[in-house]
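Taking it in order: structure first as structure tokens, then the write-up.
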Amino acid sequence: MSAISPQLRASARGAYRSIFRAARITFAGDDEIRRAFAIKTRNDFQAASLQTDSTAYTESVQLANEIAEVLRKNFVQGRRAGDGVYNIRITKETELGSNETIKNPAPMERPSRARRREREAAQAKCGSSSSPV
């Protein structure tokens, strides 16, 4: 175990602020969710601040930064507008992926069971066509 350096503590404060900025943007207009997220985040950061192992502390800071990035890029808010219709609020940071991988999936390898059946069928076919001597 080693002491937590001032640089690492500063990094944790930056990650904390980054999460709250991302939550403020992501959960804009949904005060109940934002408050619940803030309480959970504060509790988690307080628990993590008691860490004395710098490796575990570094991992916690890295996780916080990843959470902030996911909040910014991969979360959207949807509100019901009518009968089966939802309005989705997308921010300027929301990652809009293409559906090319869905439209044109890579060829899948056959499962081992299917390959085994094919091999057994080929062997049975070869065995049945040859005449015993």
Answer residue from the stretch 28-56, given it is touching a residue at least 24 places away in the same chain (Cβ under 8 Å) and assigned to a helix (DSSP H, G or I) and is farthest from residue 3 (Cα to Cα) among those: 41
Per-region count, the stretch 41-68, residues over 20 Å from residue 26 (Cα atoms) and among the acidic types (Asp, Glu): 2
Condition check for residue 25: open to solvent by 50 Å² or more (accessible area, probe 1.4 Å), part of a helix (DSSP H, G or I) and closer than 24 Å to residue 92 by Cα: yes
All positions within the stretch 57-89 that are assigned to a strand (DSSP E or B), surrounded by 13 or more Cβ atoms within 10 Å (Cβ to Cβ) and β-branched (Val, Ile, Thr): none
Within the stretch 95-123, tally of residues that are at pLDDT below 85 and open to solvent by less than 100 Å² (accessible area, probe 1.4 Å): 11
Failed criterion for residue 92 (all others in (1) assigned to a loop (DSSP other than H, G, I, E, B); (2) at pLDDT 85 or above; (3) surrounded by 10 or more Cβ atoms within 10 Å (Cβ to Cβ) hold): (3)
Selection within the stretch 27-43 - modelled with pLDDT of 90 or more, among the charged types (D, E, K, R) and out of contact with any helix residue (DSSP H, G or I) (no Cβ under 8 Å at 6 or more places or on another chain): 31, 32, 35, 40, 42
Members of the stretch 5-18 found to be crowded, with 17+ Cβ neighbours inside 10 Å and either at pLDDT below 90 or more than 18 Å from residue 50 (Cβ to Cβ) (or both), listed by number: 18
The listed residue being aliphatic (A, V, I, L, M), touching a Lys or Arg at 6+ places or on another chain (Cβ under 8 Å) and either at pLDDT 85 or above or farther than 30 Å from residue 3 by Cβ (or both), out of 76, 133, 61: 76
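The values are calculated or read from the model by the stated rules, or taken from the named source; none is laboratory data. Given the structure is predicted, the values throughout are model-derived calculations rather than measurements. Every residue, glycine among them, receives a Cβ derived from its backbone with ideal geometry; neighbour counts consider all protein chains shown. Quick note on the areas: whole protein, heavy atoms, side chains included, nothing else; ligands and nucleic acids left out. Shrake-Rupley method; radii C 1.70, N 1.55, O 1.52, S 1.80 Å.
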